[in-house]
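**Q** Got a structure for you, questions after.
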Amino acid sequence: MNSGPKPAAGPKPPGGGYKKPPPGGVSNLGWSNDHSDEHTSATNTHVIVNTAGASSAAEAAKKVADMKNQGKYVDGYLNLGRVTPDEHKQMYNDIKQGLDAIGKSIGGVTRDPKGGQWAKERWVTPQAMADPKVRAVFEKAWAAEIARMGKQGFDAIQVDNVDYYQRGNGLPGGKDANGKNTREPTPAEVQQAAAIGANIANAIHKNGMAAGWKNAPEIAPQMASQYDFAVTEQMFQSGTGNKEWGVPLFKNFVDQGKPIYNFEVEQKYHGSVPDGWASYNKGGQSGYQQTANNL
């Protein structure tokens, strides 16, 4: 008896229905042009593959498949807190159309970074995200992009620029792109970002992938129960502040047995930072221990 075609497999359930990340270390593939892959060591099982600028879903899927065929754990890059027409093109269009439908524009809900290397990027503002209609547009577009990335075969997604609440606010004593002093984000803005972060983790899990939290130490303690790993940048070479308060805020990930991947990028991007990468995992300074590369 022919029962007809089998239904398509649905998304894998959270809580173990996806492939967990390897215990430590990250190597980098697909960043714009920083050549970080030249400086990785002993971290070759977990790779970051950036398909944000891919010309088609087929091109993105092939890139992912090539890495998986080499036995890699493939971690996809998703830029949430900034928008640019050159990255996540369909997501950008979804955001633009959604904002148009509520009488808003990308220019009206984002901030111009005033030139620099990523001049086309615009930073989402916490003031705009406080508007439920604007937030709904972004979350719908983000969820659609996550679903597309799930179909491309990623093992995981790490979300970048989730600290949008700092953009236009800044860290204590910080300055904005024009050199003006900025204020700290309000508790409401930080908690709003935490709620969005939890929703994003749920969307990633529902699409059969592990979720990676990147930076945003202020809400990292809350995100440890939602995300499967953390990614940090320049935690040991961009000033004492990261060591004193940034690193300890990721301790919940360590306590829950979830890996943290830290990388220190090339000198040309961060002044006196020497070339090379390091990966950190359980143990050592406030939960981090250098395991690769002497920087």
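**Q** Just checking, does the range 131-149 include any residue being in contact with a Phe, Trp or Tyr (Cβ under 7 Å, 6 or more places away or on another chain) and aliphatic (A, V, I, L, M)?
**A** no
**Q** Please give the number of the condition Ala143 fails out of (1) touching a helix residue (DSSP H, G or I) at 6+ places or on another chain (Cβ under 6 Å); (2) outside any helix (DSSP H, G or I); (3) small (Gly, Ala, Ser).
**A** Ala143 satisfies every listed condition except (2).
**Q** Take the range 129-147 and flag every residue that is of a type in the set (A, V, I, L, M) and either surrounded by fewer than 20 Cβ atoms within 10 Å (Cβ to Cβ) or touching a residue at least 40 places away in the same chain (Cβ under 8 Å) (or both).
**A** Scanning the range 129-147 gives Met129, Ala130, Ala136, Val137, Ala141, Ala143, Ala144, Ile146, Ala147.
**Q** Given the criterion among the basic types (Lys, Arg), outside any strand (DSSP E or B) and within 26 Å of Glu189 (Cα to Cα), identify the matching residue among Lys133, Lys68, Lys63.
**A** Within the list Lys133, Lys68, Lys63, the selection yields Lys133.
**Q** If a residue has to be assigned to a loop (DSSP other than H, G, I, E, B) and modelled with pLDDT under 65 to count, how many in the range 239-269 make the cut?
**A** 4
**Q** Going residue by residue through the range 52-62, is there one that turns out to be surrounded by 12 or more Cβ atoms within 10 Å (Cβ to Cβ), touching a strand residue (DSSP E or B) at 6+ places or on another chain (Cβ under 8 Å) and within 21 Å of Thr232 (Cα to Cα)?
**A** Yes; the residues of the range 52-62 include at least one that is surrounded by 12 or more Cβ atoms within 10 Å (Cβ to Cβ), touching a strand residue (DSSP E or B) at 6+ places or on another chain (Cβ under 8 Å) and within 21 Å of Thr232 (Cα to Cα).
**Q** Give all pairs with beta carbons closer than 7 Å in which a residue from the range 182-210 that is at positive phi meets a residue that is in a loop (DSSP other than H, G, I, E, B); count only pairs at least 6 apart in sequence or on separate chains.
**A** Gly208/Pro11; Gly208/Lys12; Gly208/Gly17; Gly208/Tyr18
**Q** Somewhere in the range 75-90, is a residue more than 25 Å from Val190 (Cβ to Cβ), at pLDDT below 85 and part of a loop (DSSP other than H, G, I, E, B)?
**A** No, the range 75-90 has no match at all.
**Q** Can you tell me how many residues in the range 219-238 are part of a helix (DSSP H, G or I) and within 15 Å of the chain's Cα centre (by Cα)? Don't jump to the end; show me each part of the working.
**A** Going through the range 219-238, the residues part of a helix (DSSP H, G or I) turn out to be 219-223.
Restricting the remaining residues to those that are within 15 Å of the chain's Cα centre (by Cα) gives 219-220, 223.
Here the count works out to 3.
The values are calculated or read from the model by the stated rules, or taken from the named source; none is laboratory data. Computed from a predicted model, the values in this text were never measured in an experiment. In this analysis, Cβ positions are derived from the backbone assuming ideal geometry, glycine residues included, and neighbour counts consider all displayed protein chains.
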